[in-house]
Amino acid sequence: MDLSDNAIKVIERRYLARDPEGHPVETPLEMFERVAAAVSASDVPFRGREGAERSRSEFLEMMTSRAFLPNSPTLMNAGRPLGQLSACFVLPVEDSMEGIFEAVKNMALIHKSGGGTGFSFSRLRPRNDVVMSTKGIASGPVSFMTVFDAATETVKQGGTRRGANMGVLRVDHPDILRFIHSKEQFDHLNNFNISVALTREFMRALEEGDSYDLVNPHVGTVAGRLDAREVFDDIALMAWKTGDPGVIFLDRMNEHNPTPSLGEIESTNPCGEQPLLPYESCNLGSVNVGLMVVDGGGVPSIDYPRLEILVREAIHFLDNVIDASVYPLTEIAEVTRANRKIGLGVMGFADLLIRLGIPYDSEEALSTARELMFLIAGVAREASAALAVERGPFPNFERSTYAREGSPPLRNATTTTIAPTGSISIIAGCSSGIEPLFAVAYERRVLDGESLVEFHPEFLRIAKDRGLADDGVLDGVAAEGCLGRVEGVPGDLKRLFASALEVAPEWHVRMQAAFQQHTDNAVSKTVNLPAEATVEDVEALYALAYELCCKGITIYRYGSRPAQVLYQGAPSVGGGLRPRERQKVTKGSTEKVKIGCGNLYVTVNSDDEGICEVFTSLGRAGGCPSQSEATSRLISLGLRSGIDIDEITEQLKGIRCMSSIRSKQAEVLSCPDAIGKAIEKYLESFGQPGGDDLQATDHRCPECGARMELEGGCRVCRSCGFSRCGP
């Protein structure tokens, strides 16, 4: 079994069965054997034990060859007592206290089992609406979202897999402006991705420069009107500032709802790729298309015959998962088995393009994406039809659009989804989902604190073939992480290995649309924007996504969230936070503050990347010079390590010292309070230098300190395999 050291580490940390003391009781190979045995057992009623054994062997080969992997809950739980194998769930939130807290309870049970949940809060009456049963006043959807958020926080503290939520609100809900701004404070709703559900009526009003109706969902009456352009501007502004909200095009999702007679789609899973009915779940899997390349006479091409065989077996696997899974709620089991939705997608797409010699931002790449997904979707539908002949169609088939259109019976209401692949792409040793490369070079910590730089294998191969490996080019790539600014790298290689931030945002959207064209469900993809992008750029991308028939869009402007650190060079993937070097020249200001012991002089300095250090000195009256110096040193270290400046000032302000409290002349509560307030005044006067001119920013992994990649609505650490959906 060909697994990298990093893949083995990820499996050992996150997937292996363990004894009560937490020690692994299986190897990576035994994990795959456990999964293959559990999933193939669903074949026994249809193919007997011999047929199930053949399936077990085929499933095992798919996984151990890294050609196909299912979503993480299947790898974690198949063949184990929990037995919950699905990743995606949507729950209804009814407009009653009982309905709201029933949803909270059900959410907790799903999170406990390893799943993520999506909700539409559009049924809840707006804020300040009268509640007739109690004569009270409704608090509105956003206030109740905080209850869901708090419950998620509590559940995740006791578990090993962080719960994640999607919160959706229709654009015509009276509380829509409150919802759009609900994550403007960075410490609010941290366990939610949020999306505004845009309707066809809203998009028409936006195009015509008109206003549109707000509808009270409780009584169905018009509660007011808003200017569509102003609301759209607000959505784009908040996305520009924080990354939330995303948008989903609700009517477009429902146009592709295969079972409209069962109800409307109101929400998606946390990462947005799986529109689902209330109480519906879906299990996902991805084929590693980076492995599907053959060298035919020196010209690389896609091995479509091999891919076709793989897709058929993957559909078989995912359909079996539905019957093998244990569901956290009876309602979910019933709806899931009645519609049997599955979602097969791809990973390693960037690797595929590189091996074919096709730049990501090219028309040829878009054509490749459409051609690839056309084949996958067609074969997946054929495989589902074959399973329907053998095992029967999904129970709601006769109530589906397929039956109305005269389609042959299908085993599954949907078969394809483009999901974030996070940890499973690390196991597979490939690029994530349909994203471009995040970096070409990674720094990895090894024993005794030493580090090694690892390069993308295709870049290393090409660099050696073209004589670039021995002239300092690799050192430059290791220092930068990407190729764009490295001298000596030919232009064609810079374009072929362009990173996510080096690909123009409109090409991200065009790639998403290319895959969406032949995908049943939706496509999870992050549209990366540079720090200097404008709100108008965000609006243009939203308009392009709608024009190109995407079902939704999520953007992320680098530098738009706190808890991010500047980096230069190969991102560390195992060494934790490391402070940047102090530059030789800094600039700043000094403030004189009266404290209980006399005067304190606080100097705040910045370089071209932001505030970098704080110094303090005391007047002749004395004070606590060693304590003040220690405080200043720690603050400076934290600032150069990327700790959010607001977090630092919040920790300092409010600390009390008896000397300052007793003194009538003191202007502050203590020396730390003075330092915190001086930093705030500096920011008010001079801003944060470099704040809109970042090369790149990142989130650090809470488990190992490595830089995390953003993919769809999820983040993944390529060092330890930690992943999470949400901010």
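The values are calculated or read from the model by the stated rules, or taken from the named source; none is laboratory data. Computed from a prediction, not measured in an experiment: that's the story for all the values here. Cβ atoms come from the backbone with ideal geometry, glycine included; neighbour counts cover every protein chain shown.
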Next item on the list: State whether the residues of the range 376-399 include one that is in contact (Cβ under 8 Å) with a residue 60 or more places away in the chain and aromatic (Phe, Trp, Tyr).
Entry: no
Note to self: Given (1) at pLDDT 95 or above; (2) buried (at least 17 other Cβ atoms within 10 Å of the Cβ), identify the lone condition not met by residue 481.
What the structure shows: (1)
Next item on the list: Go through the range 426-529 and tell me which helices (runs of 4 or more DSSP H), entirely inside it, have 2 or more residues that are over 28 Å from residue 548 (Cα atoms) and not assigned by TED's automatic domain parsing to the domain that holds residue 193.
Entry: 457-465, 473-480, 491-496
Margin query: Out of everything in the range 502-524 that is more than 19 Å from the chain's Cα centre (by Cα) and aliphatic (A, V, I, L, M), what residue ends up being farthest from residue 483 (Cα to Cα)?
Written below: 514
Checklist line | Counted residues, the range 312-327 - those being surrounded by fewer than 23 Cβ atoms within 10 Å (Cβ to Cβ) and in a loop (DSSP other than H, G, I, E, B) | finding: 1
Margin query: Quick check on the range 546-561. Is at least one of its residues part of a loop (DSSP other than H, G, I, E, B), farther than 30 Å from residue 265 by Cβ, touching a Lys or Arg at 6+ places or on another chain (Cβ under 9 Å) and modelled with pLDDT under 95?
Written below: no
Check: Which of (1) in contact (Cβ under 8 Å) with a residue 40 or more places away in the chain; (2) of a type outside the set (Phe, Trp, Tyr); (3) surrounded by 22 or more Cβ atoms within 10 Å (Cβ to Cβ) does residue 205 not meet, given it meets every other one?
Finding: (1)
Notebook entry, point to check: If we scan the range 674-685, do we find a residue that is under 31 Å from the mean Cα position of the chain (by Cα) and at pLDDT below 75?
Noted result: no
Checklist line | Residue in the range 173-213 that is nearest to residue 550 (Cα to Cα), counting only those that are among the β-branched types (Val, Ile, Thr) and not in a loop (DSSP other than H, G, I, E, B) | finding: 196
Notebook entry, point to check: What is the one condition in (1) without any contact (Cβ under 8 Å) to a residue 12 or more places away in the chain; (2) assigned to a strand (DSSP E or B) that residue 343 does not satisfy?
Noted result: (1)
Next item on the list: Kindly provide the set of residues from the range 238-269 that are part of a helix (DSSP H, G or I), under 23 Å from residue 523 (Cα atoms) and under 22 Å from the mean Cα position of the chain (by Cα), ordered by number.
Entry: 238, 239, 240, 242, 250, 253
Item checked: Residue count, the range 102-124 (criterion: touching a Phe, Trp or Tyr at 6+ places or on another chain (Cβ under 9 Å) and either under 20 Å from residue 327 (Cα atoms) or in a helix (DSSP H, G or I) (or both)) -> 11
Note to self: Given the options 81, 73, 45, name the one that is of a type outside the set (Asp, Glu) and outside any helix (DSSP H, G or I).
What the structure shows: 81
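Scan the range 111-124 residue by residue and report those that are modelled with pLDDT of 95 or more and surrounded by 22 or more Cβ atoms within 10 Å (Cβ to Cβ). Full working, then the answer.
Taking the range 111-124 first, the residues modelled with pLDDT of 95 or more are 117-124.
Hits for the range 111-124 are 117, 118, 119, 120, 121, 122, 124.
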Check: Looking at (1) over 29 Å from the mean Cα position of the chain (by Cα); (2) outside any loop (DSSP other than H, G, I, E, B); (3) of a type in the set (A, V, I, L, M), can you tell me which one residue 231 breaks?
Finding: (1)
Notebook entry, point to check: Where residues in the range 86-101 are assigned to a loop (DSSP other than H, G, I, E, B) and in contact with a strand residue (DSSP E or B) (Cβ under 6 Å, 6 or more places away or on another chain), which of them is farthest from residue 328 (Cα to Cα)?
Noted result: 93
Margin query: Just to verify a result, which residue in the range 125-168, among those that are at pLDDT below 80 and of a type in the set (D, E, K, R), is farthest from residue 325 (Cα to Cα)?
Written below: 135
Checklist line | Hits in the range 520-541 - residues which are hydroxyl-bearing (Ser, Thr, Tyr) and either surrounded by 24 or more Cβ atoms within 10 Å (Cβ to Cβ) or touching a Lys or Arg at 6+ places or on another chain (Cβ under 6 Å) (or both) | finding: 524, 526
